[in-house]
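What follows is a single structure, written as structure tokens, with notes after it.
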Amino acid sequence: MLPHRPQVNVALLGFGNVARAFVRFIEANALTINIRIRGVADSSGGFLLNETSVLAGIVAHKESGRVLSGFASNPSILSIGEFIRALPSAGISVLVESLPTNIFNGEPALSLITAALAQGTNVVTVDKGPLVHGSEGLNAAAARGRARFGFSGTTGVSIPDELATDRVLEIRGVLNGTTNYILSEMQQHQRSFVEALATAQDEGIAEPDPTLDVEGWDTASKILILANLLMGANARLAEVSRTGIGLQTESLIRIAAESDRVVRLVGRARMWQGRVRVSVAPKLVRPDSPFYSVSGTSKAAVFRTEKKGEVLALGKSGRDAISETIVDDIVSIAFKV
């Protein structure tokens, strides 16, 4: 253990795969800060505060397929709202939210983390839904509560620091690791879409229901968050032009192979006729594109700026990668970076 590390008391809202991977990650790695999990809640109605000695038991309980409410519950807390209101008095300064994503209205996470920010509790989220539907309200709540809000895990890639002093004119990104893996399998191993999807599911890369990934919803959410944040798009998810991948992509891959190109699912935000237009579609990518060599579950985005030209950002997929992103956001909050 590293000496003299500042301690940050954290509560977890949601205790699914992401949260449990985060717990394992902070236990297995030497970090610059001591992250102490002092609260856990999930949508089953399980609420625990200041019972860190049972954390390993909670993880094992959930890994066995059981719900948190069946393990233990604080009798003084009857709802997730009460759990959040109890955080300041429990000495917990950061809430890490990883509830199942609802990209269609952002709830219940949107209301819950808005309340946390408004009361002065810092929030780190990996949940795209709240950012897609309520980024302005979340920022306003953070300002009212003088809280900090970290959401690096919602965009697929970290936003480069140099963009803070420049104007972003266009964003293009391969932002979904699942679809990129499927497309890579189809092109590198000549698999059909059905075969590649099955391989991704067998490897635990694709969900049993891959709809949000293969129909482009995940990419649409990520590029929309980036466009609203960096370009002032003020766009809605329903306004995103969206084409995913499927059986129909096989013919596009054949065209790509004939001209030494590859197919990537690309999210794009650009100015068009006086407003920011956001879209997602499979694109033919030439060898001179930075997306050409982005294969497997890797991700990348190119930000075209007014002063610096094109700025490239790379991203990784997987639970360790998202855990590292959560830690980075917590460190930024702790040190007010």
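Side notes on the structure shown:
- Single condition Pro100 does not satisfy, out of (1) surrounded by fewer than 18 Cβ atoms within 10 Å (Cβ to Cβ); (2) in a helix (DSSP H, G or I); (3) in contact (Cβ under 8 Å) with a residue 12 or more places away in the chain; (4) not aromatic (Phe, Trp, Tyr): (2)
- Leu48 falls short on exactly one of the conditions (1) farther than 23 Å from Ile113 by Cα; (2) without any contact (Cβ under 8 Å) to a residue 60 or more places away in the chain; (3) in contact with a strand residue (DSSP E or B) (Cβ under 9 Å, 6 or more places away or on another chain), and that condition is (1).
- Hits in segment 283-297 - residues which are surrounded by 19 or more Cβ atoms within 10 Å (Cβ to Cβ) and touching a residue at least 40 places away in the same chain (Cβ under 8 Å): Phe291, Val294, Thr297
- Across segment 119-132, a minimum of one residue is classified as of a type outside the set (A, V, I, L, M), more than 22 Å from the chain's Cα centre (by Cα), surrounded by fewer than 23 Cβ atoms within 10 Å (Cβ to Cβ) and part of a loop (DSSP other than H, G, I, E, B).
- Flag if Leu265 is closer than 23 Å to Ser293 by Cα and outside the structural domain of His133 (by TED's automatic domain parsing): yes
- Residue count for segment 178-216 satisfying the condition of being part of a helix (DSSP H, G or I) and touching a residue at least 40 places away in the same chain (Cβ under 8 Å): 13.
- Scan of segment 308-324 for residues that are over 16 Å from Ala28 (Cβ atoms) and buried (at least 16 other Cβ atoms within 10 Å of the Cβ), ordered by number: Val311, Ala313, Gly315, Lys316, Ser317
- Residue in segment 300-311 that is of a type in the set (Lys, Arg) and outside the structural domain of Ala206 (by TED's automatic domain parsing) present: no
- The number of residues in segment 281-299 being in a loop (DSSP other than H, G, I, E, B), closer than 13 Å to Leu312 by Cα and not hydroxyl-bearing (Ser, Thr, Tyr) comes to 3.
- Being without any contact (Cβ under 8 Å) to a residue 24 or more places away in the chain and over 25 Å from Val327 (Cβ atoms) is a property that Ser89 has.
- Scanning segment 220-234 for any residue that is surrounded by 18 or more Cβ atoms within 10 Å (Cβ to Cβ), β-branched (Val, Ile, Thr) and either under 19 Å from the mean Cα position of the chain (by Cα) or farther than 30 Å from Leu169 by Cα (or both) turns up at least one such residue.
- Residue check, Leu183 out of contact with any Leu (no Cβ under 8 Å at 6 or more places or on another chain), of a type in the set (A, V, I, L, M) and assigned by TED's automatic domain parsing to the domain that holds Val294: no
- Complete set of residues in segment 271-282 that are without any contact (Cβ under 8 Å) to a residue 40 or more places away in the chain and either hydrophobic (A, V, I, L, M, F, W, C) or not assigned by TED's automatic domain parsing to the domain that holds Thr178 (or both): Trp272
- Any hit, segment 264-273, residues being touching a Leu at 6+ places or on another chain (Cβ under 7 Å), buried (at least 20 other Cβ atoms within 10 Å of the Cβ), under 16 Å from Glu170 (Cβ atoms) and basic (Lys, Arg): no
- Residue check, Arg172 surrounded by fewer than 22 Cβ atoms within 10 Å (Cβ to Cβ), touching a residue at least 24 places away in the same chain (Cβ under 8 Å) and in contact with a Lys or Arg (Cβ under 9 Å, 6 or more places away or on another chain): no
- Checking each residue in segment 240-258 for being surrounded by 11 or more Cβ atoms within 10 Å (Cβ to Cβ) and touching a residue at least 40 places away in the same chain (Cβ under 8 Å) picks out Val240, Ser241, Gly244, Ile245, Gly246, Thr249, Glu250, Ile253, Ala256, Ala257.
The values are calculated or read from the model by the stated rules, or taken from the named source; none is laboratory data. Computed from a prediction, not measured in an experiment: that's the story for all the values here. All Cβ positions, even for glycine, are placed from backbone atoms using ideal geometry, and neighbour counts span all protein chains on display.
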